1. Mind counting the residues in the range B:322-341 that are buried (at least 18 other Cβ atoms within 10 Å of the Cβ) and farther than 21 Å from residue B:283 by Cα?
2. With respect to residue B:127, is the statement that it is within 23 Å of residue B:188 (Cα to Cα) and in contact with a helix residue (DSSP H, G or I) (Cβ under 6 Å, 6 or more places away or on another chain) true?
3. Go through the range B:72-83 and give me each residue that's assigned to a loop (DSSP other than H, G, I, E, B) and either within 8 Å of chain A (Cβ to nearest Cβ) or surrounded by 23 or more Cβ atoms within 10 Å (Cβ to Cβ) (or both).
4. So which residues in the range B:114-132 are within 13 Å of chain A (Cβ to nearest Cβ), in a helix (DSSP H, G or I) and surrounded by 15 or more Cβ atoms within 10 Å (Cβ to Cβ), if there are any at all?
5. Which of (1) away from every other protein chain (no Cβ under 14 Å); (2) out of contact with any helix residue (DSSP H, G or I) (no Cβ under 6 Å at 6 or more places or on another chain) is the odd one out, the single condition residue A:266 does not satisfy?
6. Could you please find all residues in the range A:148-190 being touching a residue at least 40 places away in the same chain (Cβ under 8 Å), over 25 Å from residue A:232 (Cβ atoms) and within 22 Å of the chain's Cα centre (by Cα)?
7. From the list B:58, B:14, B:41, B:36, which residue is surrounded by fewer than 21 Cβ atoms within 10 Å (Cβ to Cβ) and more than 12 Å from every other protein chain (Cβ to nearest Cβ)?
8. Among the residues of the range B:146-159, is any within 14 Å of chain A (Cβ to nearest Cβ), more than 30 Å from residue A:276 (Cα to Cα), outside any strand (DSSP E or B) and out of contact with any strand residue (DSSP E or B) (no Cβ under 6 Å at 6 or more places or on another chain)?
């Protein structure tokens, strides 16, 4: 028997990327397709790239207008007799020659400069004749500052975010798949009512139930506790529905065979149903990881103590305490987005196959 | 010993009555085939015995103990499903041992049973593969192997050969028969293919719309069908039927009349003398005496002559466009358009009354 699921040997990434409809030349539909895809790539990817690049810019570079594409920093030089490093400028002299001078201070449209080679002599130069010497510079201190300025708290936030994401996703998968198993494979009175009422909760926006959720969490004494964020949303209607639709495609005969094989219902679920629904589980896992990692509203309400902050809450707190420190904010945004990017890269083949097989977006 | 008794077993799905009441007795070691057209309830009956469906009414007893309230796993039966129902994510070995692990059998015993079953079915070299790496016939063996490892009292087969190609089907038919001889267990086999039923069964149960039409050994059913349905269903190619009436009948002399046809004397006699207005005469294709002499029976015109080499089948028509299929051993000389004269062989004909039940012949 041939296995159709294995990739054909001739199909490489290059062949895939250059696939087209026209045989020799590009068909007009090829143009249209690639144009659309490139547009999509730009719209989706430019902001991400912009954040990543900007996170390596110095504060001065960030506030510049017009903005530069790549991170630049003004070159500085340490001159004897001055504690601070002085910025270097290319100055066009009256004789038309260009010299590199260090700027001491700027007064109006004049700037006081010195020659680094001859620090005693002060030169007054019109600002218009001087252009700052700049070079490509990756401001990695944004990242090191981030780690040091929060005083190790960042690791605490990271742990909180990871804990919530991992634990909540695990519980979500178990809860949703158990509900989906019951709704797809058992015939019982009221199964349709149960399914419809689960789906009906999709119509209620999360913000509407935020206050009741908070009150329940408060009654349980979980305010400021990570479990207060994990528990309220472990059962998701989309997850139940998606898994149920997938489990409907698993033949009943398998379950009957397992039942005749002395398997308990729990064992059927654990050994037969779960392994066979792994594509759908992967999709639910990805959705869960995404929403948990990026979740802001519920943590904001429930996690009131600083030790229990998630990364997203910490990010938000950068904007209020000492004004907006964009360079740190951007560095942290980049760091925060990285795990999701990795999760996507590793799980994306499950996403496509899973979404294709469940027929749900 | 594993006797199986069905007592007035009924099954309804909602308002639809699938099995209106079946009584059946199966003795230990028998190979029983349930046969019938699709939708006749044969699979449902099997699932009731397996415990995968609950009976609506009636009793099922294995070894004289009622199993109606016993879960499927504890009835001591094993089932081979039509789709095989192998666990796709497990290797063949795991498929075979899954049921034994569930009852916490010792590792050594599991290994012994799995290797025994694998040797019996010649799938030893496939043990580490997954089902999708196997061919249809190999999957079939694994499915049977899974049933064997459980060492059941009764094997249940639900149309196990329907997914195989014709050649493989013949092979597996022989293998399952051999397996039955070697194991000696009771086996119940469901099929819609009457050839499988004829060749494999010790006992055939013919079902129609959930009703048992006839139970018996294959040749008994073939030679003495109880009614029109069984007569038409068992045997391939099927029996010829001509509607007419019994004009005269006494102990040694029967005359059958059909419209547009000369009266036909049936050699042999009925158990009781009777005449009936609405009757059907049934004669199997191989039970004709073919003659080219006028007056030796019913005249038929040959339409198509199929030459199989060892056998010939002549598709003929009686006057009045009644189709008749005639079998001739060897290679026939008949051509399209030839007129032949047919008469039944002695005691190789069947008469059915107006209600479709067979009219008993005098025993020769």
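The values are calculated or read from the model by the stated rules, or taken from the named source; none is laboratory data. These figures come from a predicted structure and were not determined experimentally. Glycine gets a Cβ as well: all are built from the backbone with ideal geometry, and neighbour counts include every protein chain shown.
1. Adding up the residues that qualify gives 0.
2. Numbers: within 23 Å of residue B:188 (Cα to Cα): no; in contact with a helix residue (DSSP H, G or I) (Cβ under 6 Å, 6 or more places away or on another chain): yes.
Against the criterion (within 23 Å of residue B:188 (Cα to Cα) and in contact with a helix residue (DSSP H, G or I) (Cβ under 6 Å, 6 or more places away or on another chain)), residue B:127 does not qualify.
3. Of the range B:72-83, the ones assigned to a loop (DSSP other than H, G, I, E, B) are B:76, B:81-83.
Correct list: B:81, B:82, B:83.
4. Narrowing the range B:114-132 to residues within 13 Å of chain A (Cβ to nearest Cβ): B:126, B:129-132.
In the following step, the residues that additionally are in a helix (DSSP H, G or I) were identified as B:126, B:131-132.
Scanning the range B:114-132 gives B:126, B:131.
5. With respect to (1) away from every other protein chain (no Cβ under 14 Å); (2) out of contact with any helix residue (DSSP H, G or I) (no Cβ under 6 Å at 6 or more places or on another chain), residue A:266 is out only on (1).
6. Residues satisfying the conditions are A:150, A:153, A:154.
7. Working: B:14 fails: more than 12 Å from every other protein chain (Cβ to nearest Cβ); B:41 fails: surrounded by fewer than 21 Cβ atoms within 10 Å (Cβ to Cβ); B:36 fails: surrounded by fewer than 21 Cβ atoms within 10 Å (Cβ to Cβ).
None of the others qualify; the one that does is B:58.
8. Checking the range B:146-159: at least one residue is within 14 Å of chain A (Cβ to nearest Cβ), more than 30 Å from residue A:276 (Cα to Cα), outside any strand (DSSP E or B) and out of contact with any strand residue (DSSP E or B) (no Cβ under 6 Å at 6 or more places or on another chain).
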